Structures are given as structure tokens and as C-alpha cells.
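Asks: For reference, the structure I am asking about is given below.
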Amino acid sequence: MDFGVPNRTLDFRQELKSTLSAAETRRLLQAVHQRDDGMDGDVRELYRHLGRAGILAPSWPAEYGGRDGDFTETVVLLEELVRHGIPQSLYYISVQIVGSLILQSGTPEQKRTLLPRLASGDLTACILFTEPEHGSDLASITTRATREPGGKGWVVNGRKTYNLKSAYADVALCAVRTDESESRYQGISLFLVPMSTAGVSVRPLPSLADEQFHDIALVDVRVGSEALFGAAGQGWSLITRMFAAERSGLDYYVRARHWLGLAARSLTAPDGEDGDVRGGQAAEFARHRARLDASRLLTCRALQHLQEDRPDISDASLAKWHCSETAQAISWWSLDALGSQVIEPGFETGGSALEAAYREAPGLTISGGASEVLLDIVTGARLLEDVETGG
Ligand SMILES: Cc1cc2nc3c(=O)[nH]c(=O)nc-3n(C[C@H](O)[C@H](O)[C@H](O)COP(=O)(O)OP(=O)(O)OC[C@H]3O[C@@H](n4cnc5c(N)ncnc54)[C@H](O)[C@@H]3O)c2cc1C
């Protein structure tokens, strides 16, 4: 595997640094943080600003609003967004998960109409998969879509929960059952449901983390036949494909890297030798640093597979498992090592970010596939292979 960074990616990082630290970007970011309820703010204006700068979909073809780049540009984009304090989850869901699925599997019409708007920050998306009784076992979903008489469109009924960013999303990628069949994996379909459609109601749910969850009721939601994504009843293969993108681990790795950087700055004695780490934390810091390097390699491998149009769900599951477990461990270690000083007024280097990370940490190993389920997928795919080859 060669993950050497091309020169154009290095140039892109410089461009990003200048765009993300520009006065207008900082002003829009400040407006996001000025919410007084402590929850995550509305980032859409900021994304439109970044979309106009042409940086949001670097690895997409130029005809769809991208820059004809490769996955290394996506990696540096996420690294820089997080480093500059720009909330990335609405962006990640919209462009890197839903957008990437449309790019790989959408019709020419869906690509032409949706991708440029996603790349410009003009259109945002959320994912409505999980239901109150069905999370890991997604094939058991009970939300239904039935054909309208005359076959012109569909009527969707059901309830979705624990989704992020739905209050700010224009369109939802929604998994539903369209017919009963012998196999649980048949008869599931994906729809792109405009969130403004009559019958869609969004209720915020409290969360330990800053980002709130939502509970979505879908009551007699009427959508046209163009809302169907992929063939009716054949949604499972698209979901698996989407998981390969959602589980690249990239969004976990970049947060972990940022948190370790913040902790390292605080743990380095100001008057000590270069790299002197306080409180006997040096060995643990090095262990986390090694885990982070492994996270980056696993993420890059998963993204490279996607770029080469050979998504591998077991490699992606391994990447997401490793990156999320590492991010969680770094977050908890940071607070253990730094103690309550991070919430004291005047704490200088990213204290509030580390405190927020601590509250976010429990969800990291559940969102996008719980760790136990991911390990199960890896074992299913690798055990026999390793037994046969002897390792
Ligand atoms: C931060 C966050 C963001 C999220 N964002 C979204 C979103 O945008 N859209 C959306 O649709 N959903 C979202 N979810 C929901 C998420 O996809 C589900 O929480 C997840 O799939 C687990 O489902 P569950 O909560 O029903 O738990 P369950 O499936 O009930 O699992 C509970 C526990 O049982 C274990 N378990 C389950 N099955 C097995 C098995 N086969 N083998 C071994 N152990 C098993 C799990 O590992 C877990 O520890 C989000 C969740 C979080 C935490």
C-alpha cells in the first residue's frame, strides 16, 4: 500500500489553511457557536461559504462540483476542518456518506441534480435508518412504504430515532420495507425524502454529547416515484455499500487526532525539555500515538477501496472499530491525565473541546455500527480465510 501524499494534496492543505482561517470563515464559525442553549448550532451558512470556496468535495469529479482529486484530499480536508474547530458531522453525513452513495449508485439524473448542490453546501442530508426497536439489526425495520393507487408514488409510515442533524437537513436517506419476502434482506428500499414533506415531524432528543439526537415521525408521507433510490426491494446491497463509506473511520480518526494534540499541548511542561510530557504520561501518550497512526492507515485503506470502486465491508468495519475505540480511549485518557483543570475557567488549550469529547466518547463505539457488531463482521469475513492460510 502506498499512501504517499501527492503534491496537489499538500497544496490543497495550504489552500484549506488559508480558507479556514480567513476572517469571514471565523466570523461565520463564531455565529454557529453563539447559540445559548449549549447545543450544536446551525452550520449551513458556514458550509455554503466553504462550498463557494470549492473545497467540500475534493475527490468528486469536477462535473459534480468536485476537484477531480483523490481520497488523500478528503483526509486532509477532514483533518483541517476539525483542527480549525469547524463542526463536521452535517457535512460528513451529507457529502461523505449520502453524497458518496449517490455518486456511486445514483441515476444520472440524481447525480446531476443532487451532487453539485451537496458539494456547494446548498443541500444537506440526514440518515433515517435506526428505529426505536431496531438498530444493529437493521433488516428488521418496520417503517413501510406502499405504492399509491395508480403507481404514481409512495406513502411512507413509521418512526425513526437517534438520527443526527435531521433538524438541519433538507433531505433524508430513509430505509423502509416495501414488501415482505422470505429473506429479511429482500424487500427493503431506500428513499430520498425531502424533510419538508407533509407528514414528516422532527422532535429533538436530549443527548449526553453536544450534538442532539432526533426522533422522526413519518405519517402518511407522500413522495413521488423519483424519491426511490435504487430498485424497489433491492436496498440492502445499497445499504451495505453505504456502510463501507460510513465506516471508513475517517471522522473518528480526525477527532481522535485533534484530541490527542490538545492533550499533548497541555501535558507538555512549558519549561521542560522539548517533548517532555508531565505526570508520567509519556508511555501512554506514545501508545495512543501508535494507535492513531494505525487508524490513519486503516482509514486510508478503506477510502482507497472506495475510490477504486471495490468497497470492502470487512476492511471498513475494521477501520471504524479501530478508529472509534482509539478515539474513545484517547478522550477518556485525556481527561484522566489532565483532571478537572479542563473545565476550570482560563484553561487555555482546548479544555472545553476535551470536556465535550469526554461526553461524546460513549457514542463513538455505537454510532455507524456498534463495536461488537463490527467485530462480528470482521470475524465472519476473516476467520475462515486465516484458518485456511494459517495466517
Ligand atoms: C452518536 C450517534 C449517532 C447516530 N446517528 C444516527 C443517524 O444519523 N441515523 C440513524 O439512523 N441512526 C443513528 N444512530 C443510531 C445507531 O445506528 C444505533 O444506535 C446503532 O446501530 C445500535 O443500535 P441500537 O442503539 O438499537 O442498539 P442495539 O442494536 O440494541 O445494540 C445494543 C447492544 O447490543 C449489542 N449487539 C447488538 N447486536 C449484536 C450482535 N449481533 N452481536 C453482538 N452484540 C450485539 C451492540 O453492540 C450494543 O452494545 C446514532 C447513534 C449514535 C450513538
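The values are calculated or read from the model by the stated rules, or taken from the named source; none is laboratory data. Quantities reported herein were computed from a predicted structural model and do not represent experimental measurements. All Cβ positions, even for glycine, are placed from backbone atoms using ideal geometry, and neighbour counts span all protein chains on display. These accessible areas exclude ligands, DNA and RNA; they are computed on the full protein's heavy atoms, side chains included. Shrake-Rupley method; radii C 1.70, N 1.55, O 1.52, S 1.80 Å.
Asks: So is Glu45 surrounded by 17 or more Cβ atoms within 10 Å (Cβ to Cβ), among the charged types (D, E, K, R) and modelled with pLDDT of 95 or more or not? Walk me through how you get there before you give the answer.
Replies: Details: surrounded by 17 or more Cβ atoms within 10 Å (Cβ to Cβ): no; among the charged types (D, E, K, R): yes; modelled with pLDDT of 95 or more: yes.
Answer is no for this residue.
Asks: Can you find a residue that is within 16 Å of the ligand (Cβ to nearest atom) and in contact (Cβ under 8 Å) with a residue 60 or more places away in the chain anywhere in the stretch 104-115?
Replies: Residues of the stretch 104-115 that are within 16 Å of the ligand (Cβ to nearest atom), as a first pass: none.
No, every residue in the stretch 104-115 fails to be within 16 Å of the ligand (Cβ to nearest atom) and in contact (Cβ under 8 Å) with a residue 60 or more places away in the chain.
Asks: Let me ask another. Answer yes if at least one residue in the stretch 62-74 is of a type in the set (Asp, Glu), outside the structural domain of Thr299 (by TED's automatic domain parsing), under 25 Å from Ser189 (Cα atoms) and open to solvent by 40 Å² or more (accessible area, probe 1.4 Å), and no otherwise.
Replies: There is no residue in the stretch 62-74 that is of a type in the set (Asp, Glu), outside the structural domain of Thr299 (by TED's automatic domain parsing), under 25 Å from Ser189 (Cα atoms) and open to solvent by 40 Å² or more (accessible area, probe 1.4 Å).
Asks: Output the number of residues of the stretch 128-142 satisfying the condition of being of a type in the set (Val, Ile, Thr) and open to solvent by 40 Å² or more (accessible area, probe 1.4 Å).
Replies: 2
Asks: For residues that are of a type in the set (Asp, Glu) and crowded, with 19+ Cβ neighbours inside 10 Å, tally how many sit in the stretch 300-324.
Replies: Here the count works out to 1.
Asks: Next question. Out of (1) surrounded by 22 or more Cβ atoms within 10 Å (Cβ to Cβ); (2) within 18 Å of the chain's Cα centre (by Cα); (3) of a type in the set (A, V, I, L, M), what's the single condition that is false for Ala145?
Replies: (2)
Asks: Can you tell me which residue among Ala125, Ala119 is away from the ligand (no atom under 16 Å from the Cβ), under 20 Å from the mean Cα position of the chain (by Cα) and open to solvent by less than 10 Å² (accessible area, probe 1.4 Å)?
Replies: Ala119
Asks: Continuing with this model, one more query. Given the criteria part of a helix (DSSP H, G or I), assigned by TED's automatic domain parsing to the domain that holds Thr113, at pLDDT below 95 and of a type in the set (S, T, N, Q), does Gln14 qualify?
Replies: Against the criterion (part of a helix (DSSP H, G or I), assigned by TED's automatic domain parsing to the domain that holds Thr113, at pLDDT below 95 and of a type in the set (S, T, N, Q)), Gln14 does not qualify.
Asks: When you go through (1) farther than 19 Å from Gly235 by Cβ; (2) touching a residue at least 24 places away in the same chain (Cβ under 8 Å); (3) assigned to a strand (DSSP E or B) one by one for Thr146, which number turns out not to apply?
Replies: All conditions pass for Thr146, except number (1).
Asks: Which residues, counting only those in the stretch 366-391, are open to solvent by 80 Å² or more (accessible area, probe 1.4 Å) and within 29 Å of Ile97 (Cα to Cα)?
Replies: Within the stretch 366-391, Ile366, Glu372, Asp376, Leu383 meet the criteria.
Asks: Take the residues in the stretch 179-200 that are within 21 Å of Glu148 (Cα to Cα) and among the hydroxyl-bearing types (Ser, Thr, Tyr), then tell me which one is least open to solvent (accessible area, probe 1.4 Å).
Replies: Ser189
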